[in-house]
Amino acid sequence: MSRRNKILVPESRKALDSLKAKVMNTTSPENAKFEAAKEVGVPLVNGYNGNLTSEQNGKVGGRIGGNMVKELVRMAQENLNKKQ
């Protein structure tokens with residue numbers, strides 16, 4: 001299944017991947033979802049995961065996305081404080 005989420009600025013993919021790795025404390029952004037799944041007890045495997053419920057998938061994606069948003073807000077606040 002293809003992704004429905006499209007990055008508006010394709011050149012930002014590398015920066016987003018590095019942010020994901022930073023937020024999830026991992027060296028590889030590809031492994032971030034597996035580490036998040038392990039933390040919340042979701043049996044995510046490489047390959048087909050059609051047996052997972054939407055709730056389980058949401059726990060993994062929500063954890064990663066939520067942490068990324070928190071980090072982006074923190075970075076923005078930091079930049080605003082520097083300008084003042």
- request: For region 2-14, indicate whether the set of residues that are touching a Gly at 6+ places or on another chain (Cβ under 9 Å), assigned to a helix (DSSP H, G or I) and free of Cβ contacts under 8 Å to residues at least 60 places away in the same chain is non-empty.
  value: no
statement: Per the filter on region 45-63, residues touching a residue at least 12 places away in the same chain (Cβ under 8 Å) and over 20 Å from Met24 (Cα atoms) are none
- prompt: Limited to region 22-31, what total is found for residues that are farther than 18 Å from Leu44 by Cα and part of a helix (DSSP H, G or I)?
  reply: 2
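Laboratory data are not the source of any read-out in this text; all were calculated from the coordinates shown. Bear in mind the structure is a predicted one, so any value in this text is a computation, not a measurement. As a convention, Cβ positions derive from the backbone with ideal geometry for all residues, glycine included, and neighbour counts pool all protein chains shown.
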